[in-house]
Amino acid sequence: MAMGAIRRYAMVGIVLVVLVLAILYTLYAMLWLHPMRSTMRLLPVQVSPVSASIRYFGRWDTTDRSDYVSYWSGAYLKTAFSGRHVKLRLREVADLFVSIDGGPNVPYRQVKGVVNLTPVPLSGGDHSLRVATGSEWTSIHFQGLILDVAARTLTPLVSPDTIEFIGDSITAGYSDSMNGLSSYAWLTAERLGVEHEQIAASGICLSSTAPSCSGMDTQFFKLQTLQYPDSPLWDTRRDIPDTVVINLGTNDYNHGQTAEAFELSYLAFIQNLRQRYPNTPIYVLRTFSGYMELPTRAAVYMLNASGDRNVFYVDTTGWLTPNSSDFNDGIHPSDSGQNKVAFYLSAILQHRHAGEV
């Protein structure tokens, strides 16, 4: 009896040991022999604004490493990524235009939080992304990207050259279908295949001495637009453009600025720019309506005579037809008018004429 009981207990023990070993082997096979990922590795990839694979154009406040903020119209970021999905993370409400793989600029109105840019999954492989703000009245509070599991950001394709456009509502694309993205400034740079910045604000004058008008001669050197009266200064050393284009004077004329004061303001403004951009060609446009044409030309000629041969007056006469579909309201170019300007201006900038053009 005792021996029989011992044998039975021994058999039960052997069976239990075999069962335990079988369970352990099954767990081993599941964890190591099959390609399962840990819970951590299954999470989507979070990309910070500080990623070296994201490039920023225009004026961005980067003091908060978790929240980069854009100012002025036409500011944008570029990156590239792998995977089939991409999402934006935004801290504040914004109006955006998004282009994926060089496609059309898709509008996203009044979006905030996590914004899905690929409700329809992309094809496999690598993709490019550009996110822009068209309006001077909105900022991008960019807190990063969300990508697929195991996806990654890639170095984007960017031009080594940048054009900086300085102007008023015309340069900001006021009254046009996509605002800054419909402006001659954006369109000209896109034609040339270069990066670009639009430091432009509706209603702004060139001269701070114009009656009841804020002047670009002071606001240009600030990080933010006129909406921010306490804006900090902008460190122009952060981003020296390869070309500068200025289109100012319409609001000075409408605010009753004298030609003499306007000419002196233009001289001082360009000399101030030259201190910061010692080797950059500066192209000064005749306003499309011809306002302040003579003092604009005179300021450029005076700079040329004083030895700065890298400032050029651009005569825009005939580019746009008054009282036609080239304008929305007699002053602001329409979408088609902006395209005309881009056609003429890109041809000039491409060839970098010497002297008057």
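The values are calculated or read from the model by the stated rules, or taken from the named source; none is laboratory data. Everything numeric in this text was worked out from a predicted model, so none of it was measured. Here the Cβ positions follow ideal geometry from the backbone for every residue, glycine too, while neighbour counts run over all protein chains shown. Remember, those area values only see protein heavy atoms, side chains included, never the ligands or the DNA or RNA. Shrake-Rupley method; radii C 1.70, N 1.55, O 1.52, S 1.80 Å.
Can you go through SER207, SER182 and tell me which one is more than 30 Å from GLN350 (Cβ to Cβ) and touching a helix residue (DSSP H, G or I) at 6+ places or on another chain (Cβ under 8 Å)? Exactly one residue qualifies, and that residue is SER207. Per the conditions (1) in a loop (DSSP other than H, G, I, E, B); (2) open to solvent by 20 Å² or more (accessible area, probe 1.4 Å); (3) within 27 Å of VAL341 (Cβ to Cβ); (4) modelled with pLDDT of 95 or more, the sole criterion not satisfied by ASP176 is (2).
Applying the criterion of being open to solvent by less than 20 Å² (accessible area, probe 1.4 Å) and part of a loop (DSSP other than H, G, I, E, B) to the residues of segment 140-158, the residue that is nearest to LEU122 (Cα to Cα) is ALA151. Taking the criterion of being closer than 21 Å to GLN198 by Cβ and not small (Gly, Ala, Ser), the residues of segment 106-135 that qualify are VAL106, PRO107, TYR108, ARG109, LEU129, ARG130, VAL131, THR133. Of the numbered criteria (1) surrounded by 14 or more Cβ atoms within 10 Å (Cβ to Cβ); (2) at pLDDT 95 or above, the one SER135 fails is (2). The single residue among PHE262, PHE312, PHE220 that is within 18 Å of SER169 (Cα to Cα), aromatic (Phe, Trp, Tyr), surrounded by 19 or more Cβ atoms within 10 Å (Cβ to Cβ) and modelled with pLDDT of 95 or more turns out to be PHE220. The lone criterion from (1) at pLDDT 95 or above; (2) on the phi < 0 side of the Ramachandran plot left unmet by MET292 is number (2). Within this structure, ILE246 fails the test of being open to solvent by 10 Å² or more (accessible area, probe 1.4 Å) and either without any contact (Cβ under 8 Å) to a residue 40 or more places away in the chain or over 14 Å from SER169 (Cβ atoms) (or both). Of ASN339, ASN254, ASN323, all but one fail to be over 28 Å from ASP235 (Cα atoms) and modelled with pLDDT under 95; the exception is ASN323.
Applying the condition of being basic (Lys, Arg) and farther than 30 Å from SER175 by Cβ to segment 56-96 and asking which residue is surrounded by the most Cβ atoms within 10 Å (Cβ to Cβ) yields ARG89.
Looking across segment 274-301, the residues that are of a type in the set (A, V, I, L, M), in contact with a strand residue (DSSP E or B) (Cβ under 7 Å, 6 or more places away or on another chain) and either under 21 Å from SER169 (Cα atoms) or open to solvent by 10 Å² or more (accessible area, probe 1.4 Å) (or both) come down to ILE282, VAL284, LEU285. Give all pairs with beta carbons closer than 8 Å in which a residue from segment 71-83 that is closer than 15 Å to GLU190 by Cα meets a residue that is open to solvent by less than 10 Å² (accessible area, probe 1.4 Å) and modelled with pLDDT under 95; count only pairs at least 6 apart in sequence or on separate chains. Listed by first residue and then by second, the contacts come to GLY74/GLY134. The single condition among (1) under 27 Å from the mean Cα position of the chain (by Cα); (2) modelled with pLDDT under 95 that HIS332 does not meet is (2). Quick check, is VAL114 under 15 Å from the mean Cα position of the chain (by Cα), of a type in the set (A, V, I, L, M) and modelled with pLDDT of 95 or more? Against the criterion (under 15 Å from the mean Cα position of the chain (by Cα), of a type in the set (A, V, I, L, M) and modelled with pLDDT of 95 or more), VAL114 does not qualify.
For segment 223-239, taking the residues that are touching a helix residue (DSSP H, G or I) at 6+ places or on another chain (Cβ under 9 Å) and not in a loop (DSSP other than H, G, I, E, B), the one that is least open to solvent (accessible area, probe 1.4 Å) is identified as THR236. Listed here are the helices (runs of 4 or more DSSP H) enclosed by segment 242-350 that have at least 2 residues being of a type in the set (Phe, Trp, Tyr): 259-276. Of the residues making up segment 122-132, those that are within 16 Å of SER51 (Cβ to Cβ) and open to solvent by less than 20 Å² (accessible area, probe 1.4 Å) are HIS127, LEU129, VAL131. Using the structure shown, decide if GLY167 is surrounded by 19 or more Cβ atoms within 10 Å (Cβ to Cβ) and either over 16 Å from TYR76 (Cβ atoms) or aromatic (Phe, Trp, Tyr) (or both). When the stated conditions are applied, GLY167 passes them.
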